[in-house]
Amino acid sequence: MHPVRRDDARLSLRELTIDDVDPVLAVYGSSEATEHLSFTPRSREEVGGIVARSLASATAKPREEYALAVVKRDGGELVGFARLALDPHQQRAATMGLALRPDAWGVGYGRETVQLVLSLAFDDLDLHRVWAARAPLNTASEKTLLAAGMTEEGRIRGHVYVRSAWRDSIVYGILREEWAHRRDS
C-alpha cells in the first residue's frame with residue numbers, strides 16, 4: 001500500500017519525504033526524545049540514512065515496513081515519526097513504535113498516533129495482531145499504549161542493549177477484534 005495517508009482531527013500520518021530529514025532529526029537527534037528508545041541520539045547523517053531507507057521501503061514489493069511522518073493537520077508540521085513493521089515470525093502481525101518531539105508531549109498526540117497506526121494496521125492492512133514494547137522507566141509510553149486500547153502482555157528480560165547495558169522491555173498487544181470492538185463502541 002503506497003502512499004499511506006491517515007487522518008484524525010489533529011494529526012495525519014503520511015509518507016516521509018527527503019525534505020523530512022531535519023524535522024526527523026528534531027526527534028531522533030534529541031537526547032530527551034530518545035532517552036527511553038532502543039538507540040542513542042542520531043546524527044544528521046544517520047537520520048538521512050533512516051529517511052532514505054524509509055523511502056526505499058515504501059515502494060518495496062511486498063511492503064514490509066511503514067515508516068511514516070506524524071504531522072499536524074493544521075499546517076503540516078512534523079511532530080513525530082511512527083513505524084509499523086510486519087513481523088516475519090507471526091502471521092498477519094506487526095510491531096509498532098513511535099517517537100515525538102519533546103515539545104509535542106503531554107497533549108494526546110501519542111495516543112492519537114497509536115490509534116492512527118492501529119487503524120492502518122487493522123483497517124487497511126487487515127492484520128490480526130499488533131504489538132509494541134517500551135522501556136520499563138517510560139511511564140508516559142505505558143499510559144499512551146493503554147489509553148489507545150493495548151493490553152500489557154509481559155516483560156522481555158535483557159531485550160535491548162543500549163547505553164552500554166541490557167534493558168528489559170514491557171510488551172503490549174492488541175488483536176483485531178479488540179480494535180473493532182473499541183472502534184465500534
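The values are calculated or read from the model by the stated rules, or taken from the named source; none is laboratory data. Every value quoted in this text rests on a predicted model; they were computed, and no experiment measured them. Positions of Cβ are backbone-derived with ideal geometry, glycine not excepted, and every protein chain shown enters the neighbour counts. Quick note on the areas: whole protein, heavy atoms, side chains included, nothing else; ligands and nucleic acids left out. Shrake-Rupley method; radii C 1.70, N 1.55, O 1.52, S 1.80 Å.
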Could you work out how far apart the two model spin labels at residue 180 and residue 46 are, taking each label as a point 7 Å from the Cα in the direction of the beta carbon, and quote it in nm? 4.2 nm
Set Lys and Arg Cβ to +1 and Asp and Glu Cβ to -1, take the dipole of the chain about its Cα centre, and tell me which of 151, 165, 11 lies farthest positive. 165
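What does the charge count near residue 81 come to, summing +1 for each Lys or Arg and -1 for each Asp or Glu among other residues with Cβ under 10 Å from its Cβ? Mind dumping the intermediate values first?
Numbers: positive: 83, 101; negative: 20.
So the environment of residue 81 carries a net charge of +1.
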In Å, what Kirkwood hydrodynamic radius results for the range 2-82 from the alpha-carbon pair distances? 13.1 Å
Per residue, how much accessible surface does the chain expose to a 1.4 Å probe? Answer in Å², no decimals. 52 Å²
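Just the number, please: carbon plus sulfur as a percent of the accessible area of the chain, 1.4 Å probe, no ligands or DNA/RNA counted. Don't skip to the answer; put the middle values down first.
On the way: 4760 of 9550 Å².
Of the solvent-accessible surface of the chain, carbon and sulfur hold 50 percent.
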Between the modelled labels at residue 87 and residue 60 (7 Å from Cα along Cα→Cβ) the distance in nm is 1.8 nm
Report for the chain the percent antiparallel among DSSP-assigned beta bridges with both residues inside it, nearest 5. 90 percent
Give me the net charge of residue 44's neighbourhood, meaning all other residues with Cβ under 14 Å from the Cβ of residue 44; Lys, Arg count +1, Asp, Glu -1. -4
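Quick one: dipole size for the chain, taken about the Cα centre, charges +1 on Lys/Arg Cβ and -1 on Asp/Glu Cβ, in debye to the nearest 20.
On the way: 25 positive and 27 negative charges, 56 e Å.
Rounded to the nearest 20 debye, it is 260 debye.
With a ≥ b ≥ c taken as the square roots of the eigenvalues of the C-alpha gyration tensor of the chain, please select rounded if a/c is under 1.5 and otherwise prolate if a/b is larger than b/c or oblate if it is not? Kindly include the intermediate steps, with their values, before the conclusion.
Numbers: a/c = 1.29, a/b = 1.06, b/c = 1.22.
Cα axes put the chain in the rounded bin.
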